[in-house]
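Each remark here refers to the structure printed beneath this line.
The values are calculated or read from the model by the stated rules, or taken from the named source; none is laboratory data. It should be emphasised that the depicted structure is a prediction, and the values quoted were computed from it without experimental measurement. Ideal geometry is used to build each Cβ from the backbone, glycine not excepted, and the neighbour counts take in all protein chains shown.
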Amino acid sequence: MIVILHPDTPTDGAECREVLDYLAAKPGINPKLHQIVGTQQTLTEIYLVGDTASLDKEEIESLPAVERVVRVSREYRVVGRHAGDTRAGGFGYNGVQFDQDNLHVFAGLCAVDTPRHVEKMMQALQAHGQVCTRMGAYKPRTNPYSFQGLGRDCLPWVFELAGKYAIKVIAMEVTHESHVEEIHTALERTGHATGVMLQIGTRNTQNFELLKSVGRQREFPVLLKRGFGITLDESLNAAEYLASEGNRRVIFCLRGMKTHLGDPHRNFVDFAHVPVVKRLTLMPVAIDPSHSVGSREQAPDGLLDVMHATAQGVIAGANLVLADFHPAPAKALVDGPQALHLEELPHFLDDIAIAREAYAKRSRRAAEAGR
Ligand code: PEP
Ligand code: MN
């Protein structure tokens, strides 16, 4: 059960205390206070865990501080989409709005290597009106002798270059909670030249201690990758870990499942789950066609498999596209063979716009049919 207070109710005021005291007096109920600080207003929600069936919804709603009460199903209490639930699922971060209705492209380097490559990438993004990118500084590698990413040393110049080219949000994977602090420090030192969305990779989807610590911090939103070898339910529960610790600014990213049944693709493309995640939860849904397809193979129609997969995700309503690009793929230190080339960026963006337009048409039709 979620008790939603009127916007801007002070948590140290008498009205909020009255609600908490009322709930604390109920046996077997454990109330947890969550605050969502937005640019316009602060929302306070109280999550109730325990035997909530015996609680009287109307009685709670009659308390002056309470706006409404939502009974949640057992699944995904915080990130889930529940009957009668009108909570907003999206969020704004560093001037960019993320929700289930819009679409952003995060084209960028799988792994940061040189300032020149990062600059060329960001320059191209700005030239094509893009304000988001991906930049891997901490790389989780299968082989311990492979390049592990430049780590914190590259953060100052990556963030400065982002500021120079007006990049607002960088998706950057973290593999340890200390990386969050390193990103925070580097952003402070560069005068918050840009913003960072913390990426949790598919190898860490069930790293529960990492999920808890990233969930406890409220500074950065999170892009959570689906686990490559677990069920969708298990991955959605990973998102719930983040949210239940207090960070509801979570985007869920499909990136393909590890099975040879998807050959010759690197992973089995799972973008048919875009509408499923939107139906089950309030989270914006991302797709990562690069790590799903993992090659630059081309279909007879002239389109790369990776562009076909991207279009399939976008036409199904994806809200974010994460894609590997590189100005000199032959020199890339990670995943060069699957990277799109900078010259392909306008075509890629165009193809996404075509698929997005088709999605808009499809959803308009569906709305008309339902009236
Ligand atoms: C990545 O996006 O760089 C990455 C390693 O992805 P995944 O965790 O999906 O393999
Ligand atoms: Mn990669």
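Cβ separations smaller than 6 Å between residues 6+ apart or across chains give the following pairs from the range 13-30 residues that are under 16 Å from residue 2 (Cα atoms) to residues that are of a type in the set (S, T, N, Q): 16/9.
Residues of the range 226-238 that are more than 12 Å from the chain's Cα centre (by Cα), within 14 Å of ligand 1 (Cβ to nearest atom) and not aliphatic (A, V, I, L, M): 227, 228, 229, 235.
Could you tell me whether any residue of the range 140-159 is on the phi > 0 side of the Ramachandran plot, within 13 Å of ligand 1 (Cβ to nearest atom) and either assigned to a strand (DSSP E or B) or crowded, with 18+ Cβ neighbours inside 10 Å (or both)? Looking for residues that are on the phi > 0 side of the Ramachandran plot, within 13 Å of ligand 1 (Cβ to nearest atom) and either assigned to a strand (DSSP E or B) or crowded, with 18+ Cβ neighbours inside 10 Å (or both), one finds at least one in the range 140-159, hence yes. Assigned to a loop (DSSP other than H, G, I, E, B), among the acidic types (Asp, Glu) and under 18 Å from the mean Cα position of the chain (by Cα) - does that describe any residue in the range 239-251? The answer is yes, given that some residue of the range 239-251 is assigned to a loop (DSSP other than H, G, I, E, B), among the acidic types (Asp, Glu) and under 18 Å from the mean Cα position of the chain (by Cα). Might you let me know whether the range 303-320 holds any residue that is on the phi > 0 side of the Ramachandran plot, over 16 Å from the mean Cα position of the chain (by Cα) and at pLDDT 95 or above? Within the range 303-320, not a single residue is on the phi > 0 side of the Ramachandran plot, over 16 Å from the mean Cα position of the chain (by Cα) and at pLDDT 95 or above.
Residue pairs whose Cβ atoms lie under 6 Å apart, separated by 6 or more positions or on different chains, with the first residue in the range 60-73 and without any contact (Cβ under 8 Å) to a residue 12 or more places away in the chain and the second of a type in the set (Val, Ile, Thr), are 61/69. If you check every pair at least six apart or on different chains, which have Cβ atoms under 8 Å apart with a residue in the range 229-257 that is over 17 Å from residue 72 (Cβ atoms) and of a type in the set (D, E, K, R) first and a residue that is part of a strand (DSSP E or B) and more than 15 Å from ligand 1 (Cβ to nearest atom) second? Listed by first residue and then by second, the contacts come to 249/91; 249/93; 249/98.
Evaluate the following for residue 305: is it over 23 Å from residue 169 (Cα atoms) and either among the acidic types (Asp, Glu) or in contact with a strand residue (DSSP E or B) (Cβ under 8 Å, 6 or more places away or on another chain) (or both)? Yes.
Is it the case that some residue within the range 122-135 is in contact with a helix residue (DSSP H, G or I) (Cβ under 9 Å, 6 or more places away or on another chain), without any contact (Cβ under 8 Å) to a residue 24 or more places away in the chain, more than 14 Å from ligand 1 (Cβ to nearest atom) and in a helix (DSSP H, G or I)? Checked against the condition, which is being in contact with a helix residue (DSSP H, G or I) (Cβ under 9 Å, 6 or more places away or on another chain), without any contact (Cβ under 8 Å) to a residue 24 or more places away in the chain, more than 14 Å from ligand 1 (Cβ to nearest atom) and in a helix (DSSP H, G or I), the range 122-135 yields at least one hit. If you go through the range 32-42 and keep only what is closer than 18 Å to residue 71 by Cα and among the hydrophobic types (A, V, I, L, M, F, W, C), you end up with just 33.
Being more than 26 Å from residue 170 (Cβ to Cβ), without any contact (Cβ under 8 Å) to a residue 12 or more places away in the chain and charged (D, E, K, R) holds for only one residue in 56, 85, and it is 56. Across the range 200-223, the number of residues qualifying as in contact with a helix residue (DSSP H, G or I) (Cβ under 7 Å, 6 or more places away or on another chain) and within 16 Å of ligand 2 (Cβ to nearest atom) comes to 3.
Which residue is surrounded by the fewest Cβ atoms within 10 Å (Cβ to Cβ), if the candidates are limited to the range 94-121 and must be more than 16 Å from ligand 1 (Cβ to nearest atom) and of a type in the set (A, V, I, L, M)?
96
Meeting the requirement of 1 or more residues that are more than 12 Å from ligand 1 (Cβ to nearest atom), of a type in the set (Asp, Glu) and more than 24 Å from residue 231 (Cα to Cα), the helices (runs of 4 or more DSSP H) wholly within the range 252-335 are 305-315.
Comparison of 191, 246 shows that the only residue that is at positive phi and touching a Lys or Arg at 6+ places or on another chain (Cβ under 8 Å) is 246.
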